[in-house]
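No value in this document is a laboratory result; all are computed from the given coordinates. Bear in mind that the values here come from a model prediction, so they are computed numbers and not experimental data. Note that we place each Cβ from the backbone using ideal geometry, even for glycine, and neighbour counts take in every protein chain shown.
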Amino acid sequence: MYSSSTRYDACAMTKSRSQELSEKADEERRRCRDWLLRFMLNNQPKFLTKAELRDAAIRELNVSKNSFDFGWISAIEDTGRHDWYEPLRRRLRTKS
C-alpha cells in the first residue's frame with residue numbers, strides 16, 4: 001500500500017518530467033525562431049517553401065515538426081513578415 005508521501009513523490013516526479021518536456025519544447029521553438037529570423041530579416045524574399053525550411057530545420061536543428069511550426073509563427077510575428085504566411089509560388093521544374 002502506498003503512503004501519502006509516496007503519492008506526493010510520484011506526483012513531484014511526474015511534474016518535474018512534465019516541466020522538463022515543456023522546457024525542451026520551449027527551447028526547440030526558440031531555436032527554430034532564431035534560425036528562421038536570418039531568412040526573414042532585411043526584407044529578404046522567401047526562397048524556399050515552409051515544408052522545405054521545416055525539413056532543413058528538423059535535419060539541422062534536431063527539432064520536432066510541432067516546434068518548427070510554432071517557431072515559424074513566432075518568427076513571422078516578431079519580424080512582421082506576414083508575407084511569409086503566403087505560399088511560395090510553384091517553381092517550374094527544368095527537365096534534365
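For region 21-69, the set of chymotrypsin sites (Phe, Trp or Tyr not before Pro) satisfying both a DSSP loop assignment and a count of at most 16 other C-beta atoms within 10 Å is given as Phe47.
For region 25-30, backbone phi angles converted through the Karplus equation (6.51, -1.76, 1.60; θ = phi - 60°) give residue-by-residue couplings of 5, 4, 5, 4, 4, 5 Hz, Gly and Pro being listed as x. The string of couplings for region 33-45 from the Karplus curve (6.51, -1.76, 1.60, θ = phi - 60°) is 4, 4, 5, 6, 4, 5, 7, 9, 6, 6, 6, 5, x Hz, one whole number per residue in order, with x for Gly and Pro. What would the Debye formula give as log10 I(q)/I(0) at q = 0.16, 0.21 Å⁻¹ for the alpha-carbon point model of region 25-85, no solvent? Values, matching the q order: -0.41, -0.72.
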